[in-house]
Amino acid sequence: MSLNFRAPWLSGVFMLFSLVSFSQNYFVEQALLFSRQSAGGSARIQAMGGAQVALGGDFSSGQSNPAGLGFYNRNEFTISPALTFQSADATYRTAEFDGNNNIISSPFNSSSSGTFFSLPGLSLVFGANKNDDKAPFLGGTFSISLNRINDFNRGFEYKGQNNGTSIVDYMLEASTGYTKDQFDPQYDPNFASIGQGDNVNTPAFLGYENYLIGPTTANGTTYFTDITGKPLQSELVKTSGSQNQWSLAYGANFNDKVFLGASLGIVSVRYEYDKTYKENFAGQAMNCNGCFNSLELKENRATTGNGANLTLGAIYKPVDFFQIGASYATPTAYQLSDTYAASMNTSWNNFDYYGNGSKILSKEKSASIDDPVSYSLSTPARFTFGAAVFYPKKGFVSVDVELINYSRATMSNFSTQYYSLNINADSDINPIVSSRFTSATNLRVGGEYRWKKFRFRGGINVMGDPYLRKPTNRVNYSTTGLNSITGGIGYRNTTFFIDMAIIHSQGNGYYVPYAVASDLSPSLSYVNTTTRVMFTVGFPF
């Protein structure tokens, strides 16, 4: 639909807020999201904090350090189900100006939780019996394994009274300076003027279609709203999906001293978020005499695709009680596709919008228009080295150090989107990635104690902070490293084995529902806690 213009109940001049900043920041954060992955592996390895690069004899080596497969001397099948418990404790802060023009903040606390089932591991290993007659080459092992390297199932929610701003303020700032053609979904891109159609498929577009904002003149460039007040704001945010890597790996044994390996990784990714944002103005006096009740904005964004990488690794065993290992994983080359869908519903009190009876507002609604985009992503390479010290027939301690430079993630080959500014990766995305992120060191330490047929394990996993500069736009990101404490138990005999791991992880996050130029943007800080119970059941054959 297209709005006519009329004299506003309340109008003003607002600073221009970049129309493409939301999309740009989404893709920038995707570069980190798909680059920052967990150690992966079996319940045995997970119980030891993921420290595995200097170890062998576990299917997890196919993804982390394929040289470890050279320790196998048997065939093996495993399956690894898991149950994850997630919770988030959040503090929502709104901001307003006091009588002295100072910004004051009001906090509101909330919590949420969820439970998810997954299958993060599956493997088939074909091990060769050691052949001393072929020294120095004593045999090799081939494996096909599945590892979950990222789990995106989590969420949070919040509620609070905002006496300073509304999302309508963001809509006004995002629109001011452009003609009303920015909201025209029927434009011809071959003859479009500057800015024409650029604000289609944004919350501002949905607000325009719902009469929350409108142009003050025939051509636009300045906008007004009838909606004033102090809304009760709430939002439910849920993310889902995962990254899973199939590894085709081979590891070779040379004189029981040197182990070499290589693997091809085929990665699938699915990431999706669902957001339901609400503002309630019911019962408030407005310039339009209480004309408006509430709004509800629903957004869904889904990213899917596939990628590939190579991993090379080596383990050296100079003496029986000590091993060192190293692995290098090339950048993962992804081809991804992204879709966005949104809708808005508003409730009005039979408001005569034009004052002449031609448009009475009651229950209004609008939706975005399908406009997918595809692009390429290259995540940074990672180098991991580690060491393991063994106490014969009693157990061992293993340490891994992983180095990764997140600023080297790059995007390219963005397809043309019909209803938005075309995204240029080299000018719009990659410079932000290189300036926002930095290199990080991830530390994993774990150990195992053996008693008869039982195994007792524990470990820690510390992921370094990837941010060089924290963003302030509408994103969801980790402000500190993600830390995990792990433990577990296992039982082994000649016909089968079973391992159990408990992985308890905690990390901080920050979220901005919408950004305004007056320093009054609301924000959410939260602590995300995840406890995963994982089992690996294996059958040698």
Seminar exercise, completed: The residue from LEU124, LEU172 that alone is more than 30 Å from LYS257 (Cβ to Cβ), aliphatic (A, V, I, L, M) and modelled with pLDDT of 90 or more is LEU172
Problem set entry | Filtered residues of the stretch 54-98 (kept if assigned to a helix (DSSP H, G or I) and either surrounded by fewer than 24 Cβ atoms within 10 Å (Cβ to Cβ) or under 29 Å from the mean Cα position of the chain (by Cα) (or both)) | SER61, GLY62, GLN63, SER64, PRO66, PHE71
Seminar exercise, completed: Residue hits (the stretch 285-320; within 30 Å of ILE404 (Cβ to Cβ) and either outside any strand (DSSP E or B) or over 34 Å from the mean Cα position of the chain (by Cα) (or both)) are TYR316, LYS317, PRO318
Exercise. If you take the residues in the stretch 179-208 that are surrounded by fewer than 22 Cβ atoms within 10 Å (Cβ to Cβ) and at pLDDT 80 or above, which one is farthest from ASP371 (Cα to Cα)?
Worked result: THR179
Seminar exercise, completed: Of the listed residues (THR346, THR332), the one being closer than 30 Å to PHE34 by Cα and modelled with pLDDT of 95 or more is THR332
Exercise. Can you name the residue in the stretch 487-541 that is β-branched (Val, Ile, Thr), buried (at least 19 other Cβ atoms within 10 Å of the Cβ) and in contact with an Asp or Glu (Cβ under 7 Å, 6 or more places away or on another chain) and, of all such residues, is nearest to SER166 (Cα to Cα)?
Worked result: VAL516
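Looking only at residues in the stretch 379-436 that are part of a strand (DSSP E or B), in contact with a Leu (Cβ under 9 Å, 6 or more places away or on another chain) and among the aromatic types (Phe, Trp, Tyr), which one is surrounded by the fewest Cβ atoms within 10 Å (Cβ to Cβ)?
Of everything passing the filter in the stretch 379-436, PHE383 is surrounded by the fewest Cβ atoms within 10 Å (Cβ to Cβ).
Here is a check on your reading of the model: is GLY121 farther than 30 Å from ASN255 by Cα and touching a residue at least 60 places away in the same chain (Cβ under 8 Å)?
Working: farther than 30 Å from ASN255 by Cα: yes; touching a residue at least 60 places away in the same chain (Cβ under 8 Å): yes.
The answer is yes for GLY121.
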Problem set entry | Subset of the stretch 472-486 (residues that are modelled with pLDDT of 90 or more and surrounded by 19 or more Cβ atoms within 10 Å (Cβ to Cβ)) | SER484, THR486
Exercise. Can you tell me which residues in the stretch 141-166 are of a type in the set (Val, Ile, Thr) and touching a Leu at 6+ places or on another chain (Cβ under 9 Å)?
Worked result: THR141, ILE144, THR165
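The values are calculated or read from the model by the stated rules, or taken from the named source; none is laboratory data. What you see is a predicted model; the values in this text were computed from it and never measured. As a convention, Cβ positions derive from the backbone with ideal geometry for all residues, glycine included, and neighbour counts pool all protein chains shown.
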